[in-house]
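Peer 1: Once you've had a glance at the structure underneath, I'll fire off some questions.
The values are calculated or read from the model by the stated rules, or taken from the named source; none is laboratory data. In this text, all values refer to a predicted model and were calculated from it rather than measured experimentally. Cβ atoms come from the backbone with ideal geometry, glycine included; neighbour counts cover every protein chain shown. Remember, those area values only see protein heavy atoms, side chains included, never the ligands or the DNA or RNA. Shrake-Rupley method; radii C 1.70, N 1.55, O 1.52, S 1.80 Å.
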Amino acid sequence: MKAPHLLLLLTFVASQGFAADANTNAPLPRTDAQGNPLRRAPTGHVSNYDEAKVGNYTLPDPLVLRNGQPVRDATTWMNVRRPEILSLYETEIYGRVPGNAPTIRWEIRELATNALNGAAIHKELVGTIGNASPPQTVTVDLLLPAGARTASPVLLHMTFFGSLRSALSPGGNATSAQPRLSELGPVTTILARGYGYATVRYTQFEGDSKANSLSIVRKLALGPGQTEPAPDEWGTISAWAWGAGRVLDAFEQDPAVDAKRVALIGHSRLGKTALWGGARDSRFALVFSSCSGEMGAALARRDYGETVDDMAANFPWQFAGNFQKYPGRWNEMPVDAHMLISLIAPRPVFITGGTEDQWADPRGQFLAAVAAGPVYRLLGREDLGTTELPPLDKPLITGALGFLYHTGGHTITPEDWSAFLDFADRHLKAR
Ligand code: GCU
C-alpha cells in the first residue's frame, strides 16, 4: 500500500499547486499583502488565498450509500446513509465518545428572580462530573424571560471566556443592560424576544492545549492501563460537543425550559463544536455556527486559508488520532463539510463568515451549505435557495439553511446576532 499512497500524495501535492513550496524552508512573512495569515504546514503546504489556485475537487455525494446505491427517500437517509456518515465523522475526524464517558449529575439553583432589572430569572446549573476526587464541576448560567407563561426556548452558547455572570452584578441584580464581554450575545434583546440564554465555558469539560487536553472528561474515560484515547476515540471537539449534550440533559430536568427548542451556538473552534454537537445529538433544534472554518463548515477539499495540514499539525488534540491520516490527502477523506452540515438536517443551521476572516474560508463555508442542500430538500426542507455567494451583509434566512457573510472579522457581529434571531424566530417560535 505504501508506494501507491506516496504516488497519490505526490500527484495530489502537484495538482494543488504547492509542490514548489514543499522543499523550501525560505522564511514566510506572517501575512500576505491583504493581511491574511500565511502558514507553512509540516507537509510543506503554504496558505493560499487565490481562488484560481483552490484546485479541482470532487465532493463525496451525501446521497450515495457506501455500497454505491443512491439514496432516494428520507427513510433511507435517516436509517442508513446518515448513520454511515455519522460513523465516519466519529471514527475518522472528531472521534467517538467512549462507552465509559463519565456521567454528569446536575443541580439547578435559582439565584435571582429579578435579574436584568426584572426581565429575567437567573439560574445556575451545577454539574458534577463523574466521581473524581476532588470533585470536578461545570457551571452553566441560565437567564429565562421573567413572567413567561410556558416553557421557554433557550439559546445555549458555548463560550471561550464569557459567562452571563459577567453581565450581572453579584447576586444577579443586574443594572447593566449589556454584558461587558463582546463574546456574549445581546442579552436584553434575546430575553425580550422570548428566549432564554445560557452560557457554558468550554474548558470546563476538557482543556484546549497540548498540555491540558487530557485533563477532565477525556481523562476520566480512560480505561485501565490506557494512557490516551484510542485513535477512533474523542478529541476535544467531541468532548466539548458531548458536554453541550449534557447541558441539554440538565435543561430537560427544568420545566421552565422547553428542551425541544434549544439552539446550540458557537464561534470558531466552538463553531466546529456546535456543528458536531448538533450532528451527534438530534435533540438540538437548531445550530448557529459562526466562523467555524476548517474542519467546521468550510469545505476541506478547497485549498483556501487554513487546511487539514495546518489543523492536524497545530490542533491535534481537537480531533481523533485517525485524523492524522489526512494531511496532504484531503481527497481521501471519506467526508467533507457539506456532510457534517447534512447530519443536522432537517434541523436548521445558520452559518456565518467574515470578510476579514479569510483563514476560515467564508466562501468554502457557503459552498458546503450549498452542497448540503440536496439532503435538506430530500427531507422536505428549503435549502439556501441559491448557489451564488450572496452580497455582503445580506442574510439568507428563508430556508432551513441560513448564511450571512458579514463585513468584518473573526467574530459574531451584532448584525449576525440580529439575523440569527430572525432565523431562530422562524423555527423556534410556536406557530
Ligand atoms: C485558530 C484555528 C481555527 C480556529 C480558531 C479559533 O485560528 O486555526 O481553526 O477556528 O483558532 O478557534 O479561534
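Peer 1: Taking only protein heavy atoms and a 1.4 Å probe, what accessible area per residue, in Å², does the chain have with all protein chains in place?
Peer 2: The answer is 41 Å² per residue.
Peer 1: Moving on to the next point. How about the range 62-142: which trypsin sites (Lys or Arg not before Pro) there are in a DSSP loop, with at most 14 other Cβ atoms within 10 Å of their Cβ?
Peer 2: Sites meeting the loop and neighbour criteria: Arg66, Arg72.
Peer 1: Would you check the accessible area of Trp106, probe 1.4 Å, heavy atoms only, in square angstrom rounded to 10?
Peer 2: That residue has around 30 Å² of solvent-accessible surface.
Peer 1: For the chain, what does the convex hull of the Cα positions come to per residue, in cubic angstrom? Walk me through the intermediate numbers first.
Peer 2: Values: hull volume 67.0 nm³, N = 431.
Expressed per residue, the convex hull around the Cα atoms of the chain is 156 Å³.
Peer 1: How high is the relative contact order of the chain, in percent, with contacts defined as C-alpha pairs under 8 Å that are six or more residues apart? Walk me through the intermediate numbers first.
Peer 2: Details: 935 pairs, mean separation 67.9, N = 431.
In percent, rounded to a whole number, it is 16.
Peer 1: Over 28 Å between Cα atoms, which of Lys219/Lys429; Lys219/Lys325; Lys394/Lys429; Lys123/Lys429; Lys123/Lys260 qualify?
Peer 2: Listed pairs above 28 Å: Lys219/Lys429.
Peer 1: I've got another one for you. Enumerate the amide H contacts of Ala298 below 5 Å, restricted to partners 5 or more residues apart or on another chain; note that Pro and chain-start residues carry no placed amide H.
Peer 2: Gly293
Peer 1: Something else now. Report, to one decimal in Å, the Kirkwood hydrodynamic radius for the range 335-406 based on all distinct Cα pairs.
Peer 2: Kirkwood hydrodynamic radius for the range 335-406: 12.0 Å.
Peer 1: A further question follows. Sorted from largest down, give the three principal axis spans of the alpha carbons of the range 257-305, whole angstrom values.
Peer 2: Result for the range 257-305: principal-axis Cα extents of 42, 16, 11 Å.
Peer 1: A follow-up question, please. As a test of the formula, what do you get for the chain when each DSSP H run with n ≥ 4 contributes -39,500 (n - 2.57) and the sum is divided by the residue count, at 222 nm and rounded to the nearest 500 deg cm²/dmol?
Peer 2: -7500 deg cm²/dmol
Peer 1: Amide H to amide H under 5 Å from Glu233: which residues, 5+ apart in sequence or cross-chain, H placed 1.01 Å off N in plane?
Peer 2: For Glu233, the qualifying residues are Arg96, Gly321.
Peer 1: Sort 134-145, 264-275 for me by packing, meaning the mean count of neighbouring Cβ atoms within 10 Å per residue, highest on top.
Peer 2: Listed from highest to lowest mean packing, they are 264-275, 134-145.
Peer 1: Here is a follow-up. Note down the accessible area of Leu111, probe 1.4 Å, to the nearest 10 Å².
Peer 2: Counting only protein heavy atoms, the figure is 70 Å².
Peer 1: For a quick check of understanding: with a 1.4 angstrom probe and all protein chains in place, what accessible area in square angstrom does Val217 have, to the nearest ten?
Peer 2: 0 Å²
Peer 1: Here's another thing I want to ask about it. Go through Ile397, Ile344 and list them by solvent-accessible area, largest first, probe radius 1.4 Å.
Peer 2: Result of the area sort, largest leading: Ile397, Ile344.
Peer 1: Can you send over the carbon and sulfur percentage of the accessible area for the range 216-301, probe radius 1.4 Å, protein chains only?
Peer 2: Working: 1070 of 2180 Å².
Carbon-and-sulfur percentage of accessible area, whole number: 49.
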